[in-house]
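Here is the structure we will look at, set down as structure tokens.
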Amino acid sequence: MPLPKIEGQNLKKPLCYDPARKKFIRFDEIVAKQEPIVPLESLSREDLKTLIIERQRQSPDYKVQSISGPASTRDDVIKAIEQDQPFGRVTVEAETAYLKDLLGQIQASLK
């Protein structure tokens, strides 16, 4: 299985987080075997929020809008995650599901 293609700005976004070292781990570090994949299941809710917030910070600014709410900027999304608002919780759940799938693909490719 080939490695997933991650390019550009997405290379700056961490894929996992080691809370013991307070270290964000990126794609290049995993592929170069400089850093292990830290299973997301091992992270606390707060550690997951830390990871997802950092991923948001590494994104270019954007706007997103839910069906029933106003448009939100990247900073609004970060604030929603920090304050554990419903939209923030959904964002953490969606990003976590995405990362679990992506990390699984990477791990399978590296075997």
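A short reminder: the numbers here are calculations on the coordinates, not readings from a lab. The shown structure was predicted, so the numbers you read here are calculated from the model rather than taken from an experiment. Because the Cβ atoms are built from the backbone with ideal geometry, glycine has one as well, and the counts that use them run over all protein chains shown.
Give the lysines whose C-alpha is closer than 17 Å to that of K49, dropping any in the same chain fewer than 8 places away, or say none.
Straight-distance partners of K49: K13, K22, K23, K79, K100.
Tell me the relative contact order for the range 8-110 as a rounded percent, counting alpha carbon contacts under 8 Å between residues six or more apart.
On the way: 104 pairs, mean separation 23.4, N = 103.
So the answer I get is 23 percent.
How tilted is helix 45-57 with respect to the longest principal axis of the chain? Cα atoms for both, answer in degrees (0 to 90, nearest 10).
80
Just to confirm a number: summing +1 for Lys and Arg and -1 for Asp and Glu over residues other than R55 whose beta-carbon lies under 9 angstrom from that of R55, what do you get?
Value of the local net charge: 0.
Looking at the P(r) of the range 8-110, how many percent of alpha-carbon pairs lie beyond 18 Å?
Percent of Cα pairs beyond 18 Å in the range 8-110: 48.
Karplus couplings for the range 31-44 from phi (6.51 cos²θ - 1.76 cosθ + 1.60, θ = phi - 60°), rounded to Hz, Gly and Pro as x?
Per residue, the Karplus-derived 3J(HN,Hα) values read 5, 7, 6, 7, 9, x, 7, 8, x, 5, 5, 7, 8, 6 Hz.
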